[in-house]
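*Asks:* My questions all concern the structure below.
The values are calculated or read from the model by the stated rules, or taken from the named source; none is laboratory data. Only a predicted model underlies this, so the values are computations on that prediction, with no experimental measurement involved. Cβ sites come from the backbone with ideal geometry, for glycine too, and all protein chains shown count toward neighbours.
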């Protein structure tokens, strides 16, 4: 804005982010390409009002973001809610890599069973294989860092709602940088071109 000679207060930009991030993320998700069959799932921590909250994330074997979910609790219910949301995305996983978390393992088994029972297609869905290994999950640990790098200067959030909205904006830009959108005309559009298409 400063380059264009427009003076805007930081509070105004904050309000824009809170208002438009969820809408832009919805558009971005509708244009995402399908993910691969191998997922990495983990959670990281984000500070809200001085308390650590859980930010669940899943990426595929290419490093593309599958889904994310910000939760006040880190428990089985939160893990199930995140996985149900992730399994609605195009591209069902054949294998999921997790760390030593027993909660995540239970959530995967429960959601996979429900998903297969509710499946209306004629083909039988295969059981999701679970691989528990701290070392094999380095891919998502590195991916967390890019999100944390954006969040760290903010010194924590003041409310859960603003944290959700801002994190959705950060995740959306992260997906755009990875080039996850299906682009018909230009196979390698710039970040600005991709953002312009979303906002149009």
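*Asks:* Got a sec? Which helices (runs of 4 or more DSSP H) wholly within the stretch 136-200 have at least 1 residues that are closer than 15 Å to residue 30 by Cα?
*Replies:* The helices (runs of 4 or more DSSP H) meeting that bar are 160-178, 191-199.
*Asks:* When residues of the stretch 4-28 are filtered for being in a helix (DSSP H, G or I), free of Cβ contacts under 8 Å to residues at least 60 places away in the same chain and farther than 21 Å from residue 154 by Cα, how many remain?
*Replies:* The total comes to 2.
*Asks:* Applying the selection to the stretch 99-113, what residues are surrounded by 12 or more Cβ atoms within 10 Å (Cβ to Cβ) and either more than 22 Å from the chain's Cα centre (by Cα) or assigned to a loop (DSSP other than H, G, I, E, B) (or both)?
*Replies:* Answer for the stretch 99-113, where residues must be surrounded by 12 or more Cβ atoms within 10 Å (Cβ to Cβ) and either more than 22 Å from the chain's Cα centre (by Cα) or assigned to a loop (DSSP other than H, G, I, E, B) (or both): 99, 101, 113.
*Asks:* Same structure again: Just need a number here: residues in the stretch 35-70 that are out of contact with any helix residue (DSSP H, G or I) (no Cβ under 9 Å at 6 or more places or on another chain), assigned to a loop (DSSP other than H, G, I, E, B) and under 15 Å from residue 86 (Cβ atoms).
*Replies:* Of the residues in the stretch 35-70, 3 are out of contact with any helix residue (DSSP H, G or I) (no Cβ under 9 Å at 6 or more places or on another chain), assigned to a loop (DSSP other than H, G, I, E, B) and under 15 Å from residue 86 (Cβ atoms).
*Asks:* Would you point out which residue out of 192, 165, 200, 181 is touching a helix residue (DSSP H, G or I) at 6+ places or on another chain (Cβ under 9 Å), farther than 17 Å from residue 41 by Cβ and modelled with pLDDT under 85?
*Replies:* 181
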